[in-house]
Each structure stands twice: as C-alpha cells, then as structure tokens.
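**Student:** Okay, handing you the structure first.
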Amino acid sequence: MIHDGVFKEQVDILKAFILNSETPLRIFSKQSIEGLVSSAILIKTLQRLNKNFVLSFYTEIDELKLREIRLMHNKEIIFLDPSYLEIDSLDIFKDKTFFILNKNDISASEKTYILSKELEVTNT
C-alpha cells in the first residue's frame with residue numbers, strides 16, 4: 001500500500017510511462033548500494049514485462065554526464081538514487097522529463113519495489 005498521495009501519483013505516472021513506452025527505456029543508476037538494489041529490482045521487473053531498456057551507472061552527475069544527457073535522443077529518463085544536488089543540476093534540461101526514485105521518507109530501493117509491485121503482481 002502506498003501511503004503518500006504525492007508518491008502514489010508519481011508511481012502512477014511512471015507506471016504509465018513504462019507500460020506505454022515503445023522505445024527502450026533509459027535508466028541511470030547511481031553506483032551506490034541503494035542504486036544497485038534499485039536497479040536490480042527494476043531490471044527484473046522490466047525483464048518480466050518484456051521491456052527493452054538501457055541501464056548506465058554513474059558515480060556523480062558531472063559536466064561529462066550532463067553533456068551525455070544533452071546528446072541523448074530520449075526525452076524521458078529514469079534516475080535511481082540521485083542526490084538532491086544532482087537533481088538540481090538536471091534543471092538545465094527543459095526538453096526532457098526525469099523520473100526520479102531517490103531517498104525521501106523511504107529509500108530509493110523501497111520506492112522501486114513499490115513501483116515494481118504496481119507494475120507486475122508477480123513481483124510481490
């Protein structure tokens with residue numbers, strides 16, 4: 001059960017995006033324990049849904065990573081476990097939508113697990 005109404009709305013939006021996407025999903029995961037656990041959960045879910053995806057890991061969102069994002073054709077990108085400063089650095093992109101699963105009241109991996117349960121009942 002999702003207790004936070006705002007998070008429930010975010011999950012619904014991300015769920016619709018994942019289910020309706022016809023192009024490979026683009027995912028960036030931080031090289032952290034939370035990022036690794038979150039990406040493992042999401043990978044398994046996307047495989048069960050037979051969704052194509054590209055997963056990249058990063059240590060920090062620096063100028064090189066921002067340049068890479070700028071050159072990407074994907075307009076929607078999923079980020080797992082970015083820090084608040086890294087999220088702020090993404091504000092320069094007005095033509096892209098970022099779906100962010102990071103630590104707030106609950107961990108990034110818990111948020112990813114909740115999303116997975118919403119996407120596929122066999123993930124419970």
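The values are calculated or read from the model by the stated rules, or taken from the named source; none is laboratory data. Because the structure is a prediction, the values reported are computed rather than measured. When we count neighbours, we look across all protein chains shown, and the Cβ atoms used for this are built from the backbone with ideal geometry, even at glycine. These accessible areas exclude ligands, DNA and RNA; they are computed on the full protein's heavy atoms, side chains included. Shrake-Rupley method; radii C 1.70, N 1.55, O 1.52, S 1.80 Å.
**Student:** As I understand it, the value is the acute angle between the Cα axis of helix 108-119 and the longest principal axis of the Cα atoms of the chain; what does it come to in degrees, rounded to 10?
**Tutor:** 50
**Student:** Given a cut-off of under 8 Å on Cα pairs at least six residues apart, what relative contact order in percent is computed for the chain?
**Tutor:** This gives 32 percent for the chain.
**Student:** Students sometimes get this wrong: rank Tyr84, Tyr58 by accessible area, probe 1.4 Å, all chains present, largest first.
**Tutor:** Tyr84, Tyr58
**Student:** In what sequence, largest accessible area first, do Ile78, Ile106 appear using a 1.4 Å probe?
**Tutor:** Most to least solvent-accessible, the answer reads Ile106, Ile78.
**Student:** Might you work out the accessible area of Lys15 for me, using a 1.4 Å probe with all protein chains in place, and round it to the nearest 10 Å²?
**Tutor:** 60
**Student:** Helix 33-48: angle to the longest alpha-carbon principal axis of the chain, degrees 0 to 90, nearest 10?
**Tutor:** Helix 33-48 and the main axis of the chain meet at about 60 degrees.
**Student:** Could you provide, to the nearest whole Å², the per residue accessible area of the chain with probe 1.4 Å?
**Tutor:** Each residue of the chain exposes 59 Å² on average to a 1.4 Å probe.
**Student:** Another question, then. Whenever you get a sec, compute what percent of the accessible area on the chain sits on carbon and sulfur atoms (1.4 Å probe).
**Tutor:** 53
**Student:** In whole angstrom, how far apart do the alpha carbon centroids of the stretch 2-47 and the stretch 69-107 sit?
**Tutor:** Going from one Cα centre to the other spans 12 Å.
**Student:** Asp95 accessible area, nearest 10 Å², 1.4 Å probe?
**Tutor:** Answer for Asp95: close to 90 Å² accessible.
**Student:** Would you check the accessible area of Val54, probe 1.4 Å, heavy atoms only, in square angstrom rounded to 10?
**Tutor:** The accessible area comes out at roughly 70 Å².
**Student:** If the only charges are +1 at each Lys and Arg Cβ and -1 at each Asp and Glu Cβ, what is the size of the charge dipole of the stretch 29-106 around the Cα centre, to the nearest 20 debye?
**Tutor:** 460
**Student:** Next up: Can you give me the angle between helix 5-20 and the longest principal axis of the chain, using Cα atoms only, in degrees from 0 to 90, rounded to the nearest 10?
**Tutor:** On a 0 to 90 degree scale, this one is about 80.
**Student:** For each pair in Lys51/Lys117; Lys8/Lys94; Lys8/Lys117; Lys65/Lys103; Lys30/Lys65, compute the distance between the two Cα atoms and list the pairs where it is over 19 Å.
**Tutor:** Violating the 19 Å limit, Cα to Cα: Lys8/Lys94; Lys65/Lys103.
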